[in-house]
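Asks: Starting off with a structure, shown below.
The values are calculated or read from the model by the stated rules, or taken from the named source; none is laboratory data. Worth saying up front: this structure is predicted, and the values here are computed from it rather than measured. As a convention, Cβ positions derive from the backbone with ideal geometry for all residues, glycine included, and neighbour counts pool all protein chains shown. Each accessible area value is taken on the protein alone, full model and side chains, heavy atoms only, with ligands, DNA and RNA left out. Shrake-Rupley method; radii C 1.70, N 1.55, O 1.52, S 1.80 Å.
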Amino acid sequence: LQRNELSERRFLQLNKCPACWGTSWCRKFLNGQLRLESWGRLRLFDFFNVKNVYFARYGEPREGSRRVVLKRLGSAQELADIDTKICRRATGRGRCDLLQALHATEFASLNGDVRLLTPDAVEGWSDLVHCPSQRLLDRLVRRYAETKDSGSFLLRNLKDSERMQLLITLAFNPEPLVLQSFPSDEGWPFAKYLGACGRMVAVNYVGEELWSYFNAPWEKRVDLAWQLMEIAEQLTNNDFEFALYLLDVSFDNFAVGPRDGKVIIVDAENVLVADKRLIRQNKPENWDVWYESKFDDCDKEACLSFSKEILCARVTVDHNYYAICQNLLSRHATWRGTSGGLLHDPPAEIAKDGRLEALLDECANPKKRYGRFQAAKELREYLAQLSNNVR
C-alpha cells in the first residue's frame with residue numbers, strides 16, 4: 001500500500017502519448033502530488049471500477065491538499081478499442097506499434113501545414129462535433145488547455161504532439177474539450193478541468209452525486225430541481241448562441257456542491273453543440289419551426305429520444321427541458337429501482353393544488369402543441385417561488 005500508482009508512467013498510460021489526453025499535469029502526477037484515496041488504492045477493486053473514475057488527494061506545498069476526480073475517460077475495454085481502431089485505420093490489423101501507426105491516420109493528415117481545424121475535417125467524429133461550425137472549432141483550439149500557448153485558434157500553432165492529442169480527444173471522448181471550451185470560471189455548469197497526464201484527466205471534485213439527494217428534505221429537492229431547469233435554460237439559450245444539448249441525462253451525471261449547494265454537470269461526454277448563428281445563416285429546411293422532442297415511454301432507465309440531425313438544424317428546440325423533466329424531475333423518472341423523480345412525495349398542500357404535477361407532466365409529455373416550452377418556463381418560475389429563491 002506504500003506504492004503511489006499515480007506516479008507510475010504505466011498506470012497513467014503515458015507510453016500511449018500522443019494517443020492520449022495530454023501531459024499538462026504530468027509533473028504533478030510523477031512528483032507524487034496526487035494520491036489515490038483509501039480503497040481506491042487497492043487494485044483489486046479496479047475490476048469493479050468499470051467507469052475508471054478515481055478519487056484522489058492533490059497537494060500543493062503551500063496550499064494543503066484537496067480532493068480531485070481522476071478519469072480515464074472510458075472503460076478498460078473502450079480504451080483498448082481506441083488502440084485497435086487506430087491500428088486498423090493505419091495498417092488494417094488490430095495490433096500494431098501505436099506510435100508509428102498514428103502517422104498513417106487522418107489525425108496525422110491535419111499536420112503543421114494545416115492552418116485551421118475545419119468542419120469538413122472533423123464533422124461527425126463525436127457528439128461535440130456532430131455538426132460543427134468554424135466558430136465552435138476555433139473556440140476548441142483557442143481554449144485547448146493542454147498547450148502552453150493557448151489563445152490562438154490556428155491549428156498550426158500547436159506542436160505536433162499537442163495537435164494529435166487534441167484530435168484524438170475530439171474523436172474518442174471530447175469531455176475534456178467541453179470543460180475547457182465552456183469553463184466553470186465563466187459560469188458554465190460544468191466541473192472544472194484541471195489537467196491531464198497520459199490517459200488520465202483531473203477535474204475538480206464537486207460533491208456527492210445528485211442521486212444521494214433523492215430523499216433529501218422537500219425544500220432542498222425543490223432548490224435542486226429549480227437549478228436543473230435553470231441549467232436546461234442556460235445551455236439552450238445563451239448570449240454565445242451555442243446550444244449545448246445533453247444527450248445523456250441521469251442522476252449520476254450531476255453533482256451538488258456541499259458548501260454552496262450548486263448543481264454541476266460532472267459527465268459531459270455526450271454533449272452536442274449546435275451553432276444557432278450558423279443555422280440562421282444557412283437556413284436549412286424548417287430551421288425556424290420550433291422543434292418538440294417526442295416523449296419516450298421506455299421501460300429502461302434514463303431513456304431519451306432525439307434526432308441529432310434535427311438538433312443541428314433548428315434554432316428553437318426543447319430537448320434540454322424534455323431531458324431534465326422526463327429523466328430527473330417527473331413521475332416518469334426511474335433510476336436504480338426508484339420512481340417518481342426528484343420531486344416525489346410533495347407536501348400535502350402542493351399535491352392538493354395540483355399545479356406542480358400538471359407542469360411536470362406537460363414538461364415531460366406535452367398534450368398541447370408547444371406545451372413543453374410554456375410548461376418549462378412556468379415550472380422554472382413556480383420552483384423559484386416555492387423555494388423563495390433569491391440567489
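Asks: Scan the range 86-99 and give yes if some residue there is among the β-branched types (Val, Ile, Thr) and modelled with pLDDT under 90, otherwise no.
Replies: Narrowing the range 86-99 to residues among the β-branched types (Val, Ile, Thr): 86, 91.
Filter once more, keeping what is modelled with pLDDT under 90: 91.
Yes, the range 86-99 contains a residue that is among the β-branched types (Val, Ile, Thr) and modelled with pLDDT under 90.
Asks: Suppose we filter the range 126-179 for residues that are of a type in the set (S, T, N, Q) and open to solvent by 20 Å² or more (accessible area, probe 1.4 Å); how many remain? Full working, then the answer.
Replies: From the range 126-179, those of a type in the set (S, T, N, Q) are 126, 133-134, 147, 150, 152, 157, 161, 165, 169, 173; that's our starting set.
Still in the running and open to solvent by 20 Å² or more (accessible area, probe 1.4 Å): 134, 150, 152, 157, 161.
Qualifying residue count, the range 126-179: 5.
Asks: Hey, another quick one. Out of all the residues in the range 315-333, is one or more farther than 26 Å from Ala216 by Cβ, in contact (Cβ under 8 Å) with a residue 12 or more places away in the chain and over 23 Å from the mean Cα position of the chain (by Cα)? Step through it out loud before you land on a result.
Replies: Going through the range 315-333, the residues farther than 26 Å from Ala216 by Cβ turn out to be 315-319.
So of that shortlist, the ones also in contact (Cβ under 8 Å) with a residue 12 or more places away in the chain come out as 315-319.
Among the residues that remain, those that are also over 23 Å from the mean Cα position of the chain (by Cα) are: none.
Scanning the range 315-333, I find no residue that is farther than 26 Å from Ala216 by Cβ, in contact (Cβ under 8 Å) with a residue 12 or more places away in the chain and over 23 Å from the mean Cα position of the chain (by Cα), so the answer is no.
Asks: Another question, then. Restricting attention to the range 344-391, which residues are open to solvent by 50 Å² or more (accessible area, probe 1.4 Å), in contact (Cβ under 8 Å) with a residue 60 or more places away in the chain and part of a helix (DSSP H, G or I)?
Replies: Answer for the range 344-391, where residues must be open to solvent by 50 Å² or more (accessible area, probe 1.4 Å), in contact (Cβ under 8 Å) with a residue 60 or more places away in the chain and part of a helix (DSSP H, G or I): Arg380, Leu386.
Asks: Report, by residue number, each residue of the range 263-302 that is in contact (Cβ under 8 Å) with a residue 60 or more places away in the chain, more than 18 Å from Ala333 (Cβ to Cβ) and aromatic (Phe, Trp, Tyr).
Replies: Trp290
Asks: Can you find even one residue in the range 237-257 that is under 28 Å from Ala348 (Cα atoms) and not hydroxyl-bearing (Ser, Thr, Tyr)? Break it down into steps so the answer makes sense when it comes.
Replies: Looking only at the range 237-257, we keep the residues that are under 28 Å from Ala348 (Cα atoms), and these are 250-251, 256.
Next, only the ones that are not hydroxyl-bearing (Ser, Thr, Tyr) stay: 251, 256.
Checking the range 237-257: at least one residue is under 28 Å from Ala348 (Cα atoms) and not hydroxyl-bearing (Ser, Thr, Tyr).
Asks: Go through the range 24-82 residue by residue and tally those that are surrounded by 12 or more Cβ atoms within 10 Å (Cβ to Cβ), over 23 Å from the mean Cα position of the chain (by Cα), part of a loop (DSSP other than H, G, I, E, B) and modelled with pLDDT of 90 or more.
Replies: Of the residues in that region, 1 qualify.
Asks: Please work out if Ser184 is touching a Pro at 6+ places or on another chain (Cβ under 6 Å), more than 30 Å from Asp345 (Cβ to Cβ) and among the hydroxyl-bearing types (Ser, Thr, Tyr). Walk me through it before giving the result.
Replies: Numbers: touching a Pro at 6+ places or on another chain (Cβ under 6 Å): no; more than 30 Å from Asp345 (Cβ to Cβ): yes; among the hydroxyl-bearing types (Ser, Thr, Tyr): yes.
Against the criterion (touching a Pro at 6+ places or on another chain (Cβ under 6 Å), more than 30 Å from Asp345 (Cβ to Cβ) and among the hydroxyl-bearing types (Ser, Thr, Tyr)), Ser184 does not qualify.
Asks: Sticking with this structure for a sec: Looking at the structure I just gave you, is Gly207 of a type in the set (Gly, Ala, Ser), in contact (Cβ under 8 Å) with a residue 24 or more places away in the chain and farther than 27 Å from Pro346 by Cα? Before you say what the answer is, go through the steps one by one.
Replies: Values: of a type in the set (Gly, Ala, Ser): yes; in contact (Cβ under 8 Å) with a residue 24 or more places away in the chain: yes; farther than 27 Å from Pro346 by Cα: no.
No; evaluated as a whole, the condition is false for this residue.
Asks: Restricting attention to helices (runs of 4 or more DSSP H) lying wholly within the range 274-327, give those where 3 or more residues are open to solvent by less than 40 Å² (accessible area, probe 1.4 Å) and under 26 Å from Gly341 (Cβ atoms). Please lay out each step first, then the result.
Replies: Working: elements: 276-282, 308-311, 319-324.
Result: 319-324.
Asks: For the condition surrounded by 12 or more Cβ atoms within 10 Å (Cβ to Cβ) and assigned to a loop (DSSP other than H, G, I, E, B), what is the one hit in Ala90, Ala108, Ala104? Reasoning before the result, please.
Replies: On the way: Ala90 fails: assigned to a loop (DSSP other than H, G, I, E, B); Ala108 fails: assigned to a loop (DSSP other than H, G, I, E, B).
After ruling out the rest, the residue left standing is Ala104.
Asks: Check off (1) at pLDDT 95 or above; (2) within 19 Å of Arg135 (Cβ to Cβ) for Pro284 and give me the number that stays unchecked.
Replies: Failed condition: (1).
Asks: Restricting to the range 89-114, name every residue that is under 28 Å from the mean Cα position of the chain (by Cα) and of a type in the set (D, E, K, R).
Replies: Residues satisfying the conditions are Arg89, Glu106.
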